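K.L.:
Take a look at this one; I'll ask things after.
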Amino acid sequence: MATKYLLRILILLFMPLALTTCTKDGKVNIFSLQDDIRLGRQVRDQIAADPTQYPILSSIQYPASYEFLKKIRDNILNSGNVDNRDTFEWEVFIIRGDNTLNAFVTPGGYIYVYTGLIKFLDNEDQLAGVMGHEIAHADKRHSTTNLTKKYGVSLLLDVVFGRNSSGLSGIAKDIAGGLGALSFSRATESEADAFSVEYLSKTNYQCSGAAGFFQKIETQGGNSTPVWLSTHPSPDNRVTAINAKAAELGCSTTVNTNLADYQAFKDSLPQ
């Protein structure tokens with residue numbers, strides 16, 4: 001019996017070296033790409049099962065709204081800069097919540113956008129900038145890198161002693177329960193902003209589109225600032241950084257989309 005436990009301890013000491021992967025920037029992430037997808041699917045299913053907290057608009061009832069959002073998604077994915085373009089799912093969902101200025105993405109590329117954010121923004125370029133930011137979080141695997149820090153030991157134990165999907169199910173419930181596990185550091189927020197500019201630089205969108213959201217937040221004052229921004233880089237700092245990245249890339253900072261089209265998109269949503 002002692003030998004059996006000693007063997008398990010030795011496995012725990014040496015297996016992490018074999019099981020752990022690194023993202024392109026060298027950060028440790030024990031999740032595989034397929035784990036990202038499996039976890040994202042489970043979070044998606046948990047969200048779908050909670051319409052009170054997440055009243056998702058039906059794509060059948062609002063086809064024009066979803067068509068517009070998917071067009072933005074596809075333009076970004078087709079930029080050629082998204083590493084996991086052909087690996088992740090990249091499903092989009094619209095959540096009814098006119099008082100919520102937010103969007104989020106789960107591992108594996110499941111993108112959620114609140115109607116409040118859509119109606120707050122002025123044009124398609126700004127929304128493309130925000131979506132580019134969310135796509136970057138999934139593409140650069142920020143969520144599962146963060147989750148590695150929180151659940152790393154327990155997940156390794158699951159792997160060593162016969163891991164199955166139940167481990168991911170528990171994490172999925174935690175995420176869907178409050179999205180706290182999807183919170184990002186200042187560094188990863190800044191990185192997602194920068195990649196949003198890179199993605200959009202190879203499209204017809206204003207590459208600094210994400211800056212428009214933060215500029216509008218600043219213009220309207222603190223009452224419009226979402227709670228989740230309180231732990232992130234300040235809006236003015238983010239505008240400066242986004243514009244600096246655009247200048248570095250030499251990409252277009254002019255609004256390039258039809259304002260009437262974006263207004264029609266807003267009008268297609270429930271009022």
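Please treat every number below as a calculation from the coordinates, not as lab data. Since the structure is predicted, the reported quantities are computational estimates derived from the model, not experimental observations. Glycine gets a Cβ as well: all are built from the backbone with ideal geometry, and neighbour counts include every protein chain shown.
K.L.:
What ranking of Ile60, Ile94 emerges when the number of other C-beta atoms within 10 Å of each C-beta is taken as an exposure proxy, fewest first?
P.N.:
The fewest-first ordering by Cβ neighbours comes to Ile60, Ile94.
K.L.:
Another question, if that's okay. What FRET efficiency do you get for Glu218 and Asp86 if R0 is 30 Å and r is their Cβ-Cβ distance, rounded to the nearest 0.05?
P.N.:
Computed FRET efficiency for Glu218 and Asp86 comes out at 0.20.
K.L.:
Summing Lys, Arg as +1 and Asp, Glu as -1, what charge do residues with Cβ under 14 Å from the Cβ of Phe104 carry, Phe104 excluded?
P.N.:
Numbers: positive: Arg44; negative: Glu91, Glu134, Glu189.
Neighbour charge sum, excluding Phe104 itself: -2.
K.L.:
Could you list, in their original order, any pairs among Lys71/Lys149; Lys173/Lys245; Lys202/Lys266 whose Cα atoms are separated by more than 29 Å?
P.N.:
Lys71/Lys149; Lys173/Lys245
K.L.:
Would you order Thr145, Thr106 from fewest to most other beta-carbon atoms within 10 Å of each residue's own beta-carbon?
P.N.:
Ascending number of Cβ neighbours within 10 Å: Thr145, Thr106.
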